[in-house]
Amino acid sequence: ACPSPGPAPPGAVKITPGHDATDFEVGQRHGLGVATVIAEDGTMWSLCPQGLPRFRARALLLETLKERGLFRGVTENPMVVPVCRWGQV
């Protein structure tokens, strides 16, 4: 994490310990478990309504946040997937 030049702004940081090595390390440091919430077919699983497509789950979550006055906006975060010169991920 980069040091802040001043007081940290209020907000939330999404940590997904099962997603990548950085999030896993942060999760370990804070005692967070790893939960599988998206099944192989792209539907929600485990702690979420089972069988709900992930994009529909996202829309419902945003709708709920807005209804409760908790929505603060969306920031685009382009996904970068490294690909080797042979075309494999």
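The values are calculated or read from the model by the stated rules, or taken from the named source; none is laboratory data. Given the structure is predicted, the values throughout are model-derived calculations rather than measurements. Please note: Cβ atoms are built from the backbone with ideal geometry, for glycine as well, and neighbour counts cover all protein chains shown. Side chains included, ligands, DNA and RNA excluded: accessible areas come from the protein's heavy atoms. Shrake-Rupley method; radii C 1.70, N 1.55, O 1.52, S 1.80 Å.
Of Ala59, His30, Trp45, whose Cα points farthest to the positive end of the dipole of the stretch 21-68 (charges on the beta-carbon: +1 Lys, Arg; -1 Asp, Glu; origin at the Cα centre)?
Ala59
Taking all protein chains together and a probe of 1.4 Å, list Met79, Met44 from the most accessible to the least accessible.
Details: Met79 165, Met44 20 Å².
From most exposed to least exposed: Met79, Met44.
Starting at the first residue of the stretch 61-74, write each ³J(HN,Hα) from the Karplus equation 6.51 cos²θ - 1.76 cosθ + 1.60 with θ = phi - 60°, in whole Hz, x for Gly and Pro.
5, 4, 4, 5, 4, 5, 4, 8, x, 9, 6, 10, x, 10
Just the Cα atoms of the stretch 21-68: what Rg and Dmax do they give in Å?
13.3, 34
List the residues whose amide H sits under 5 Å from the amide H of Ile38, counting only those 5 or more places along or on another chain, with H placed 1.01 Å from N in the peptide plane.
The answer is Trp45.
What figure, in Å² to the nearest 10, do you get for the accessible area of Thr75 with a 1.4 Å probe and non-protein molecules left out?
120 Å²
Sticking with the crude label model, points 7 Å out along Cα→Cβ, report the distance from Glu67 to Val13 in nm, one decimal please.
3.1 nm
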